[in-house]
1. Multiply the residue gap between A:GLU249 and A:ASN463 by 0.36 nm, knock off their C-alpha separation, and tell me the result in nm, one decimal place.
2. For chain B, calculate the relative contact order in percent as a whole number, restricting contacts to Cα pairs under 8 Å that are 6 or more residues apart.
3. With +1 assigned to the C-beta of every Lys and Arg and -1 to the C-beta of every Asp and Glu, and no other charges, what is the dipole magnitude of region B:237-301 about the Cα centre in debye, to the nearest 20?
4. For a label point 7 Å from the Cα of A:CYS272 along Cα→C-beta, name the residues of region A:478-515 whose backbone N is under 11 Å from it.
5. Find out how many positive minus negative residues lie around A:ALA23, taking Lys and Arg as positive, Asp and Glu as negative, among other residues whose Cβ is under 11 Å from that of A:ALA23.
6. Within straight cross-link reach of A:LYS535, meaning Cα distance under 15 Å, which aspartates and glutamates are found once same-chain residues fewer than 8 apart are removed?
7. Treating only the Cβ of Lys, Arg, Asp and Glu as charged (+1, +1, -1, -1), what charge dipole size does region B:112-315 show about its Cα centre? Round to the nearest 20 debye.
8. Averaged per residue, what accessible area in Å² does region A:171-236 show with a 1.4 Å probe, protein chains only?
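The values are calculated or read from the model by the stated rules, or taken from the named source; none is laboratory data. Keep in mind that this is a model prediction, so the values were computed, not measured. Here the Cβ positions follow ideal geometry from the backbone for every residue, glycine too, while neighbour counts run over all protein chains shown. All accessible areas refer to the heavy atoms of the entire protein, side chains included, with ligands and DNA or RNA removed. Shrake-Rupley method; radii C 1.70, N 1.55, O 1.52, S 1.80 Å.
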Amino acid sequence: MIEITINKRKISVEEGTTILAAAESLGIKIPALCNHNILKPYGACRMCVVEVHANGEKEITTSCNYEIHEPIAVFTDSEEALNTRRGVIEMHLARWPNVPAIKALAKANGVDKPRYEHPLKNESKNACVLCGRCVRVCSEGIWEDIITFAGRGAERKVSMPFDKFYERCAGCGACAWVCPTGAIQVTNEANHPVRPKMIRNWGMKVTSQMITLDDQQCRMRKIGTGNLVEIMDDYDLLPTLNYQYGSHENAKKINSWVWQNEYFTQGLPDGCWYGCSMSCAHAIEKFELKTGPYKGRKVLVDGPEYETIAACGSNIGNFDPHYVAELNFYCDTYGIDTISFGTALAFAMECYENGVITKEHTGGLELTFGNKEAACEVLHQMSRGEGFGMILGKGIRNMKKLFIEEYGADLDFVEDIGMENKGLEFSEYVTKESLAQQGGYCMTNKGAQHDEAWLIFMDQVNNQIPTFENKADALHYFPMFRTWFGLVGLCKLPWNDISPADNAQTDEPHKIPEHVEGYCKYFTGMTGIELDSDKLIRMSEKVYNFQRVFNLRLGYGTREHDRVPYRAMGPVTNTEYESRQERYDKQLKEKVGIDPESMSTDEKRLKLREYREDQYRQLQDAVYKRRGWTSDGVPKLETLKKLGIDFPEVVEVVKRYPDV
Amino acid sequence: MDTAKINKIIESYNRDADCAIEMLLDIQDEFKHLPEDVVRYIADEIEVPLGQLYFVGTFYDVFTLEPSEDELPQKPIEAFMKQQNDKRIPSKPDAPSIVFRNMGNADAGEYKSFEKVLETMSPDDVISEVEKSGLLGRCGFGNPTADKWKACAKAVNDSSNPAYVICNADEGIPGAFAYKNIVESDPHSIIEGMLICAYAVGAKEGIIHIRNCYSQAIEQMAEAIEDARAKKLLGENIKGKDFSFDIKIRRGPGAYMNLDLSAMLESLQGKPAIPTASNVPLTEKGYKDMPTVLSCVETWMNVPVIIEKGGDAFKKIGNSGTKVVSLVGDIVNSGFVEVPLGITLRELIFDIGGGIPEGREFKAVQVGGPSGGCFPADMLDTPLDYAEIEKAGSIIGPGLIRVYDNSRCMVEAAKDSIEFLKSECFGKAAPDREGSVILFSILENISQGNGKKEDLDTLKSICETMSAASLSGLGKSAGNSILSTIKHFEDDYTGYFKN
Ligand code: SF4
Ligand code: SF4
Ligand code: FES
């Protein structure tokens, strides 16, 4: 921290802070035209001049780009600073006499009529004042570099290349939004929104949060979802060796810094949605493959995302980032989901290590954890429809059946460690210590994924939903809220992978209220229909219940289908128990009320299991109730009525079940 | 579009996006303009924004977007300079010679000073020798060279970032034209100066940025570098020591940067030469954001001599060394000449320059090119010394000295200067850009007989605003010619006023 004075008032600032920012925090206003709080300082308009005294010397200097590195005394309105500022404003006024922003600055600073005629006077109200905000936001914010300056000296102007419309412009409107004069206007609203301004203003608000806050929050722009690897590892949530553990000493070899510094190309516009300022899609360029049909070729790998890093990395015991990327590439190329592949392989590996399957079944493949070459080989087999790849490719549910029925595997063990629900492989979070997330994974319509609800932090880390009722509320609200993204076709990431600076001060920070409101504005702006958060939830609730009924019609969707493989609830083996013994013993003592002192690990593990399974049952009761379902998980008639989806065909399906 | 031909050009720069401007220079050469499809192709191939290349293409005079068979129009002042400035004139017989010491000397390229440094001196010794010499940057605002080296060495130490040592021979400021001759006559001393600096600050990479149109100088420099590499004076583990340094040549379009060094670094990265706005010095965050020592050709030439003679001895040559100046205008001997610093303007103009031709009388001298102030006869005893000239209201800059005889009107002189600055201004910052346009229009108005007395106050106030608020050195010093001519030649102005 450095202590400086501004107009004789003392303030301590972080080294590198600009004078303009320091003054602002004291409530001292300095006129600044080219500066914009989401952009890097540029130093073009020169209106922000102040007087600075440093080391016994005095100078007039611009404040927007002056980084403070030593104790200085600043005078924002000394006579010399004021005169200089007026001189600069006068030049602007002489060239652009009718631009409201310039007129206002002139008025506020006591500049009247210019003393001279400007030979290039432009009397338009919306003249471009060459502040460069548009050029900078397109470059720094959107990473597109479409709009540009051209020419030299007095000829300088804002333009697109070769002075015509550049077809790569994303039409994001960011340039128009930052323009202080309206020189850039969005004229063609492709989708004919009812209230385009409402949408644009909201979009730009999120964009500005992205540009200014992302570096301190999720680093989506640098690394994307991969930022989660070390966080998950720190909280014992990173699935390792088929979800046995939540952290690993080698996790650092595949953490986000490795991807950011050694693999991902940086600073490119988003490859997923043109003009998106989050730009979370990251890619590895010129990646040389070591296996498979494209061996030796240099390719572009789209990713990896967090889920892929965990699935094709820690969960199968692979801590070689190259192979994570290799599996990522081939999964994409073959059209295979990286999560299902990784989780299924992790299951097969654990089975192999426990003798459930042997080389005989795998066709000679050594399917031990961490065998990255074998992992690639299975994947290639899968694509060719050969060998063990054919078996793995059918997914965990089918493998379990096969292993039990044909290979004589122990049913309980295989059911406990086969991480699927409704036939879908788990995505990559260890849920042992988060009851709510167990529900989030399994009391679902789609199977074990985190797209419907991701409650681990809220539940386990921040303890924001302690009671069954709280958890049930969350398991009502979030699946509905998240379903809505699918309904309207909007990306979910700008909801919570960036938060407003003051989000923590809101009533319900985990919901990110400001952003929920923003999504409502998108909807209202597009359709003209007013929407608030209650109405939004109601919209989804209809669809969500309808989906549940649909599941029922196909023979799923009751309580039994919401079952959790025990690996997702607690330690299946003694080794697992003992690896986190302190935590489990403590729970036995404090929650279950038994003294673990004299008990064997077997006994303790079973007691814990009893307790946890019971907890889950209670949660099911609470959630079904909250969702308006019977205790078997079937939507009640009154619920369907309330939601207005009590169509005869729907009613017919649920009527078959008791208590509806 | 002949992609094979364009690919060849791109490949010849290893597809390096930093070399975008050089690629465009080749394209301009080949097609006599920058065809849109070619520029688009290059942008995609080397992955730089199309807008950046378009901006470059519209920023530098050497590029045209439309095909044209004609030679590019030359600016009047450039033509004038070329004609007057391309020859060397003799200095006084006993004058010390530093920059031109090796002209025509076959022994050049022995690198004795560098070897002395390598064998007997520590980096700190080197810096303290340079400090003692009192060497000031030769073509800018005369900042102490040792300060830059110290700051850079410290930044390297603190950050362990790689540092760069760069030589500016791309400067398009009138007067810097003499640098072409310097590079041609003694490229080895530039390399040697840079080597010594690299050793002192701990740099491994050097760049010599030369104007594309100085083809002879480029060739000579390339040969000298090869030669030095062959003698193991450049490259890995020089002379078997734990010191490695190499230099590459980068061609530039030539721009009037008026020694705005950050602008030059931009052009080295394939962007228009426009100053970035930061108060963090280049010695900390320069080329590619790394610590950088950037000096002009002439400054580098001095370094081996400082080591050879010792800093104290160097200091005693003139006022800390010599300066190459270009004498132009109404003067008998025009051309460039090396003179000891401290020599008076009178000696310079009358003894060396041979005085004013054709029986006219001396009226004024403008020191420092278009950004400089104009001095009347009673200031002729001002010594050519950085501090003294600044006190008198001008800069030495790259050493352009223009003499006016008594047939000249100083309003016209000021107008010419401003006209040049107006066309060369970067255009980024408002006072620099608008100020020069406004100043020119007021001067024109006056010279057409439409001025009034108050205009002088307006001119002065605009010059003050520009000097305080401009971003570029060009803008900051733009007012010198006007302020000095109003001060010393007010009659020339009032002569135009009707009442
Ligand atoms: S609309 Fe977006 S992409 Fe297009 S020029 Fe403006 S900021 Fe750039
Ligand atoms: S178009 Fe608007 S934002 Fe862009 S430089 Fe002009 S005034 Fe500034
Ligand atoms: S706000 Fe500082 S120069 Fe424009």
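1. Values: separation 214, 0.36 × 214 = 77.04 nm, distance 2.66 nm.
Gain on stretching A:GLU249 to A:ASN463: 74.4 nm.
2. Values: 953 pairs, mean separation 77.4, N = 499.
In percent, rounded to a whole number, it is 16.
3. 260
4. A:491-495, A:497
5. 0
6. Within reach: A:GLU517.
7. On the way: 23 positive and 28 negative charges, 35 e Å.
With only Lys, Arg, Asp and Glu charged at Cβ, the dipole is about 160 debye.
8. Result: 47 Å² per residue.
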